[in-house]
1. Which number in (1) among the hydrophobic types (A, V, I, L, M, F, W, C); (2) assigned to a loop (DSSP other than H, G, I, E, B); (3) modelled with pLDDT of 90 or more marks the one condition that Val97 misses?
2. What are the residues in the stretch 61-79 that are in a strand (DSSP E or B) and either of a type in the set (Asp, Glu) or surrounded by 16 or more Cβ atoms within 10 Å (Cβ to Cβ) (or both), if any?
3. Exactly one condition in (1) of a type in the set (Asp, Glu); (2) in contact (Cβ under 8 Å) with a residue 40 or more places away in the chain; (3) in a strand (DSSP E or B) is not met by Glu86; state its number.
4. Please go through the stretch 116-134 and give me each residue that is closer than 13 Å to Val42 by Cβ and in contact (Cβ under 8 Å) with a residue 24 or more places away in the chain, ordered by number.
5. Which of (1) within 14 Å of the chain's Cα centre (by Cα); (2) touching a residue at least 60 places away in the same chain (Cβ under 8 Å); (3) closer than 21 Å to Thr173 by Cα is the odd one out, the single condition Val110 does not satisfy?
6. Could you list, in sequence order, the residues of the stretch 114-131 that are polar (S, T, N, Q) and at pLDDT below 90?
7. Within the stretch 100-131, which residues are of a type in the set (A, V, I, L, M) and within 26 Å of Phe162 (Cβ to Cβ)?
Amino acid sequence: MTRRRILGAAAALALAPWVSRPALAQQGAAQGGIDRTALGRVEAYLNGLRTLRARFLQVAQNGASAQGTALISRPGRMRFDYDPPEPLLLVAAGGQVLMYDRELRQPTAVPASSTPLGVLLRPEIRLSGDITVFGMERSGGFLRVGLHRTEAAAEGRLILAFAEDPLELRQWTVLDAQGRETRVTLYEVESGMTLDNRLFDFNDPRFFEGEAARR
């Protein structure tokens with residue numbers, strides 16, 4: 001595993017357009033439609049989710065892997081702290097996503113709406129209208145839902161995976177423009193805790209001072 005591989009996988013997670021696994025799209029089409037009841041449960045779960053903390057395992061198509069801690073504070077905030085020796089931090093807040101290299105002190109920011117996980121940050125999540133659900137499958141106690149932006153299907157797609165009983169977000173898969181897959185699996189998932197908004201406020205100059213102190 002090299003640092004370049006992890007940087008590439010992190011960029012795919014935060015910055016790449018959405019793409020799908022074709023198998024899910026084919027199965028969704030073969031089923032002749034989407035289970036609207038299940039889709040309604042997914043919408044209700046996502047809109048009811050306020051805070052989440054979990055460990056994550058990120059695996060890229062080239063075999064590179066990394067672990068860390070993920071924080072979600074809806075609406076609008078998300079944070080991925082990579083475990084050492086990886087120096088990476090991903091933070092979403094204020095309509096932007098920041099990828100920060102702590103060693104180089106080098107930030108890269110893009111609009112959250114252009115990232116794969118932007119849909120999860122919306123104040124109200126509706127899997128219709130400007131979001132198209134192209135496929136759905138059930139296997140092994142998991143429900144997988146494939147999404148793409150309705151007016152930008154050529155950009156690619158995103159797959160969200162949920163444990164079904166009880167319903168809980170456990171995984172997502174994105175692909176970059178070159179077709180390289182990045183999969184993020186959540187474990188030790190907790191929800192409903194209070195998260196300090198300062199953990200996500202990278203527009204405050206003191207945010208980076210605090211990051212330096214923590215490292």
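The values are calculated or read from the model by the stated rules, or taken from the named source; none is laboratory data. Keep in mind it's a predicted model, so treat the numbers as computed, not measured. Note: ideal-geometry Cβ built from the backbone for every residue, glycine included; neighbour counts use all protein chains shown.
1. Here Val97 clears every test but (2).
2. Residues of the stretch 61-79 in a strand (DSSP E or B): 65-73, 77-79.
Answer for the stretch 61-79, where residues must be in a strand (DSSP E or B) and either of a type in the set (Asp, Glu) or surrounded by 16 or more Cβ atoms within 10 Å (Cβ to Cβ) (or both): Ala66, Gly68, Ala70, Leu71, Ile72, Ser73, Arg77, Met78, Arg79.
3. (3)
4. Here is the first cut: in the stretch 116-134, the ones closer than 13 Å to Val42 by Cβ are 119-120, 125-128, 131, 133.
Selection gives Val119, Leu120, Ile125, Arg126, Leu127, Val133.
5. For Val110, the failing item is (1).
6. Of all residues in the stretch 114-131, those polar (S, T, N, Q) come to 114-115, 128.
Answer for the stretch 114-131, where residues must be polar (S, T, N, Q) and at pLDDT below 90: Ser114, Thr115.
7. From the stretch 100-131, those of a type in the set (A, V, I, L, M) are 104, 109-110, 112, 117, 119-121, 125, 127, 131; that's our starting set.
Within the stretch 100-131, Ala112, Leu117, Val119, Leu120, Leu121, Ile125, Leu127, Ile131 qualify.
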